[in-house]
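Colleague: Take this structure, written in C-alpha cells, and hold onto it; I'll ask about it next.
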Amino acid sequence: MTLTEFVDVVIVGARCAGSAAAISFARAGRSVIAIDAAKFPSSTISTHLLWAGGVAEVARLGALERVESLGAPRLPVGFAAIPGAPAIRATYTPIDGIDYGLCVRRYGFDAALVDTARAAGAEVREQTQLLELLVEDGRATGIVVRERGGRVAELRAKLVVGADGRRSAIAKQLGVSEPTLSHHNERCCFYSYFRDLRGEWRNVAAQWRAGRELGTAFPCDGGLVLVLLMPPNERAEAFRRDRETAFARTIDQLPGLSDRLAGCPRAERIIGATNLLSYFRRSSGPGWALVGDAGHFKDPVTAQGIRDALRFGRLLAEQTASVLDDPQQLDHALGNWEAQRDAECLEVYHWSNLMGRADEVGPFDVALYEHFSRPEHAHKLLDVHSRLLRPSEVFPMELVVDVSARPASGDQLAGPITSIGERPELALARYIARSDRRSASSAEHPD
Ligand SMILES: Cc1cc2nc3c(=O)[nH]c(=O)nc-3n(C[C@H](O)[C@H](O)[C@H](O)COP(=O)(O)OP(=O)(O)OC[C@H]3O[C@@H](n4cnc5c(N)ncnc54)[C@H](O)[C@@H]3O)c2cc1C
C-alpha cells in the first residue's frame with residue numbers, strides 16, 4: 001500500500017538549489033520535504049569556485065560557518081595571465097562585508113547545505129528516487145518516490161520544485177526539457193586535485209591561457225589545489241584516448257600554471273565533463289518551478305552556477321512562501337520569480353559564452369588584459385564575477401564590438417541559439433551598446 005503524506009513544498013534534489021530552497025521555505029515556517037537519490041556526503045561532477053558574490057549567497061542561507069569549518073583558505077585575490085600582456089591581479093569590492101572567494105569540494109559543501117536545511121526544520125530524505133510527478137487538471141500536485149528500503153510514498157504538496165540538475169526528470173515529465181535558448185559550449189572540462197605546497201599561492205584564485213588552452217588553479221580544502229583544464233572541444237578525443245598524458249601535456253602548454261604547480265604532486269584522479277550545453281528552460285508553471293541547473297545552465301568558465309542555484313533557490317522560497325495557499329497568487333509569484341532569474345542571468349549567460357570561446361589568445365585578449373590590469377579597472381572584473389556589476393557596465397565596448405565583428409571560424413564556433421537566433425557575443429554587444437549610450441557622457445566609461 002502506498003503511503004500518502006501532505007506538505008507545503010516538495011523538492012526533488014537536495015544539493016545547491018534544492019537545499020537553498022529547503023532552508024528558506026523552512027525558515028518561512030513552511031513544511032518541506034526534499035528528496036535526493038544520493039546519500040550525503042557525496043560528490044558530483046563539478047568544480048566549485050565561489051567568487052565573493054557566491055560566498056555572500058552561502059552566508060545569506062546561514063551556511064557559511066559550516067562551509068568555512070571545512071578548512072578551505074579564503075581567496076581574496078583573483079589572478080589572470082596570458083602571454084604578451086600584463087597580468088591581472090585584483091581584489092574584491094566587499095558584498096555584505098565578504099571580500100573573498102572560496103573553493104570547497106562538493107563532498108563537504110553539499111553536506112553542509114543539507115545539514116543547514118535540516119537545522120532550519122526541513123526534512124531531507126536521502127537515497128530516495130523520484131518515480132513520478134503527479135499532475136491534476138494541468139497543476140503539479142506532488143510526487144511519487146521510492147525510498148531507501150523500497151517503500152513507495154506519495155508526497156502531496158502545494159508546490160513541486162525540480163532541483164534535480166541538468167538532466168532534470170521533473171523538466172522531462174513536465175515536457176519542458178527542450179531549452180528556450182541554448183548554446184553548445186566550445187570548451188570541455190577536465191579537473192583534478194594536487195597537494196598544494198605553494199604557500200604563496202594559497203590565497204589566490206588563478207587562471208592562465210596560452211594558444212587555445214585555458215587552465216585554472218583554485219586552492220581548496222584538504223590542503224589541495226583544484227586544477228581545471230578547459231581545452232577546446234575537439235581535444236576531448238585526446239583526453240578520451242589517454243587522459244593522463246593529455247592532462248599533463250595541457251599543463252605543459254600553460255607555463256604559468258606549470259610553474260604554479262611546481263613541487264605539487266597530483267593527489268586525485270582526473271574527472272571530465274564534455275559536450276556541455278548552456279541553456280534556459282521554461283522554469284515555472286501551475287504549482288511547479290525548476291531551480292538551479294534544472295532550469296538554467298551557464299558555461300562553467302565564469303563559475304556562476306552554484307551562486308545562481310543558491311540565490312534563486314532562496315529567492316523562490318522568499319517570494320512564494322506567503323502565497324502557497326492561494327494557487328492563483330502562487331502562480332503569479334512563480335512567474336515573477338522566473339522573470340527575475342532571466343533578467344539577472346541572461347546577460348551573464350551571453351558573457352559566459354563569450355568568455356568560453358575556444359579562440360587563440362590574440363589581440364582582443366591582449367587589449368582586454370591591458371585594460372583590466374590597470375588598478376582602476378582590475379577590481380571591476382572581479383565585481384562582474386561577483387555580480388555587483390553587469391558585464392556591459394565593465395567591458396570596453398569597442399573591444400567587444402571588435403570580437404563580435406570577427407568572422408565565424410567554422411566548427412569551433414557556437415552551436416545554434418534556438419530562440420534568440422543570434423550569436424551570443426552579438427547579444428552581449430547589444431547590451432553593451434545600450435549601456436554605452438547611458439554612460440557615454442560619464443567619466444566611468446572605459447577609455
Ligand atoms: C565541469 C563543471 C564545472 C563546474 N564548475 C563550477 C564552478 O567552479 N563554480 C560554480 O559556481 N559552478 C560550477 N559548475 C556549475 C555547478 O556544478 C552547478 O550549477 C550546480 O551544481 C547546480 O546545482 P543544482 O543543485 O542545481 O544541481 P546538482 O548539483 O546537479 O544537484 C542535483 C541533485 O538532484 C538529484 N537528483 C537528480 N535526479 C533525481 C531523481 N530522479 N530523484 C532524486 N534525486 C535526483 C541528484 O542526485 C543531485 O544530488 C560547474 C559545472 C560543471 C559541469
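The values are calculated or read from the model by the stated rules, or taken from the named source; none is laboratory data. Small disclaimer: the values here were computed from a predicted structure and weren't measured. FYI the Cβ positions are ideal-geometry reconstructions off the backbone, even for glycines, and counts take in every protein chain you see.
Colleague: Please go through the stretch 292-307 and give me each residue that is among the basic types (K, R) and either part of a loop (DSSP other than H, G, I, E, B) or under 30 Å from V135 (Cα atoms) (or both), ordered by number.
Modeller: Here is the first cut: in the stretch 292-307, the residues among the basic types (K, R) are 298, 307.
Listed by number, the list holds a single entry, K298.
Colleague: Same structure again: Where in the stretch 216-291 are there strands (runs of 3 or more DSSP E), lying fully within it, with 1 or more residues that are in contact with a His (Cβ under 6 Å, 6 or more places away or on another chain) and within 16 Å of the ligand (Cβ to nearest atom)?
Modeller: Counting at least 1 such residues, we get 277-280.
Colleague: Test W337 against the stated conditions and say whether it is part of a helix (DSSP H, G or I), touching a residue at least 12 places away in the same chain (Cβ under 8 Å) and closer than 25 Å to A122 by Cβ.
Modeller: Values: part of a helix (DSSP H, G or I): yes; touching a residue at least 12 places away in the same chain (Cβ under 8 Å): yes; closer than 25 Å to A122 by Cβ: yes.
Spelling it out, W337 is indeed part of a helix (DSSP H, G or I), touching a residue at least 12 places away in the same chain (Cβ under 8 Å) and closer than 25 Å to A122 by Cβ.
Colleague: Which one of the conditions (1) part of a helix (DSSP H, G or I); (2) small (G, A, S); (3) within 13 Å of I35 (Cα to Cα) does A111 fail to meet, given that it meets all the rest?
Modeller: Just one mismatch for A111, condition (3).
Colleague: More than 17 Å from the chain's Cα centre (by Cα), of a type in the set (A, V, I, L, M) and not assigned by TED's automatic domain parsing to the domain that holds G287 - does that describe any residue in the stretch 191-200? Full working, then the answer.
Modeller: If we filter the stretch 191-200 for residues that are more than 17 Å from the chain's Cα centre (by Cα), which is where we start, we get 192-200.
Still in the running and of a type in the set (A, V, I, L, M): 197.
In the following step, the residues that additionally are not assigned by TED's automatic domain parsing to the domain that holds G287 were identified as 197.
Checking the stretch 191-200: at least one residue is more than 17 Å from the chain's Cα centre (by Cα), of a type in the set (A, V, I, L, M) and not assigned by TED's automatic domain parsing to the domain that holds G287.
Colleague: Right, here's the next one. Of all residues in the stretch 28-52, which are within 19 Å of the chain's Cα centre (by Cα), crowded, with 20+ Cβ neighbours inside 10 Å and near the ligand (Cβ under 10 Å from one of its atoms)? Explain how you work it out, then say what you get.
Modeller: Taking the stretch 28-52 first, the residues within 19 Å of the chain's Cα centre (by Cα) are 42-52.
Add one more test, that the residue is crowded, with 20+ Cβ neighbours inside 10 Å, and what stays is 46-52.
Within the stretch 28-52, S46, T47, H48, L49, L50, W51 qualify.
Colleague: Does the stretch 287-301 include one or more residues that are modelled with pLDDT of 95 or more and surrounded by fewer than 22 Cβ atoms within 10 Å (Cβ to Cβ)? Step through it out loud before you land on a result.
Modeller: Of the residues in the stretch 287-301, the ones modelled with pLDDT of 95 or more are 287-301.
Still in the running and surrounded by fewer than 22 Cβ atoms within 10 Å (Cβ to Cβ): none.
No - not one qualifying residue is present in the stretch 287-301.
Colleague: Restricting to the stretch 100-156, and then to whatever is without any contact (Cβ under 8 Å) to a residue 24 or more places away in the chain, exposed (fewer than 15 other Cβ atoms within 10 Å of the Cβ) and within 14 Å of the ligand (Cβ to nearest atom), can you tell me which residue is farthest from the chain's Cα centre (by Cα)?
Modeller: Taking the candidates together, the pick is R148.
Colleague: Checking the structure you have, find out if any residue of the stretch 106-115 is closer than 30 Å to L226 by Cα and either modelled with pLDDT under 95 or touching a strand residue (DSSP E or B) at 6+ places or on another chain (Cβ under 8 Å) (or both). Can you show your working first?
Modeller: Pass one, the stretch 106-115, residues closer than 30 Å to L226 by Cα: 106-115.
Next, from what is left, pick out any that are either modelled with pLDDT under 95 or touching a strand residue (DSSP E or B) at 6+ places or on another chain (Cβ under 8 Å) (or both): 114.
Among the residues of the stretch 106-115, at least one is closer than 30 Å to L226 by Cα and either modelled with pLDDT under 95 or touching a strand residue (DSSP E or B) at 6+ places or on another chain (Cβ under 8 Å) (or both), which makes the answer yes.
Colleague: Mind counting the residues in the stretch 313-329 that are more than 15 Å from L61 (Cβ to Cβ) and either crowded, with 22+ Cβ neighbours inside 10 Å or not assigned by TED's automatic domain parsing to the domain that holds R30 (or both)? Give the steps one after another, and end with the answer.
Modeller: Let us first name the residues in the stretch 313-329 that are more than 15 Å from L61 (Cβ to Cβ), namely 319-320, 322-329.
Next, from what is left, pick out any that are either crowded, with 22+ Cβ neighbours inside 10 Å or not assigned by TED's automatic domain parsing to the domain that holds R30 (or both): 320.
Within the stretch 313-329, residues that are more than 15 Å from L61 (Cβ to Cβ) and either crowded, with 22+ Cβ neighbours inside 10 Å or not assigned by TED's automatic domain parsing to the domain that holds R30 (or both) number 1.
Colleague: Between a first residue in the stretch 85-99 that is in contact (Cβ under 8 Å) with a residue 40 or more places away in the chain and closer than 22 Å to T216 by Cα and a second residue that is assigned to a loop (DSSP other than H, G, I, E, B) and polar (S, T, N, Q), which pairs have beta carbons less than 6 Å apart while being 6 or more apart in sequence or on different chains?
Modeller: Listed pairs, sorted by first residue: P86/S373; I88/S373.
Colleague: Please count how many residues of the stretch 7-27 are in a helix (DSSP H, G or I) and either within 16 Å of Q127 (Cβ to Cβ) or more than 6 Å from the ligand (Cβ to nearest atom) (or both). Steps first, please.
Modeller: First, the residues of the stretch 7-27 that are in a helix (DSSP H, G or I): 16-27.
Checking which are either within 16 Å of Q127 (Cβ to Cβ) or more than 6 Å from the ligand (Cβ to nearest atom) (or both) leaves us with 18-27.
Residues meeting the conditions: 10.
Colleague: Being among the basic types (K, R), assigned to a strand (DSSP E or B) and within 21 Å of A309 (Cβ to Cβ) is the filter here; which residues of the stretch 119-177 pass it? Steps first, answer last, please.
Modeller: Step one: list which residues in the stretch 119-177 are among the basic types (K, R), which gives 125, 139, 146, 148, 151, 156, 158, 166-167, 172.
Adding the requirement that they be assigned to a strand (DSSP E or B) leaves 125, 139, 146, 156, 158.
Passing the criteria: only R125.
Colleague: Are there any pairs with C-beta distances below 8 angstrom linking a residue in the stretch 8-30 that is in contact (Cβ under 8 Å) with a residue 12 or more places away in the chain to a residue that is among the basic types (K, R) and crowded, with 24+ Cβ neighbours inside 10 Å, with the two at least 6 apart or on different chains, and if so which?
Modeller: Here the result reads A20/R311, each pair linking the stretch 8-30 to a residue that is among the basic types (K, R) and crowded, with 24+ Cβ neighbours inside 10 Å.
Colleague: Is the stretch 421-428 home to any residue that is modelled with pLDDT of 90 or more, in a helix (DSSP H, G or I) and farther than 26 Å from Y100 by Cα?
Modeller: No.
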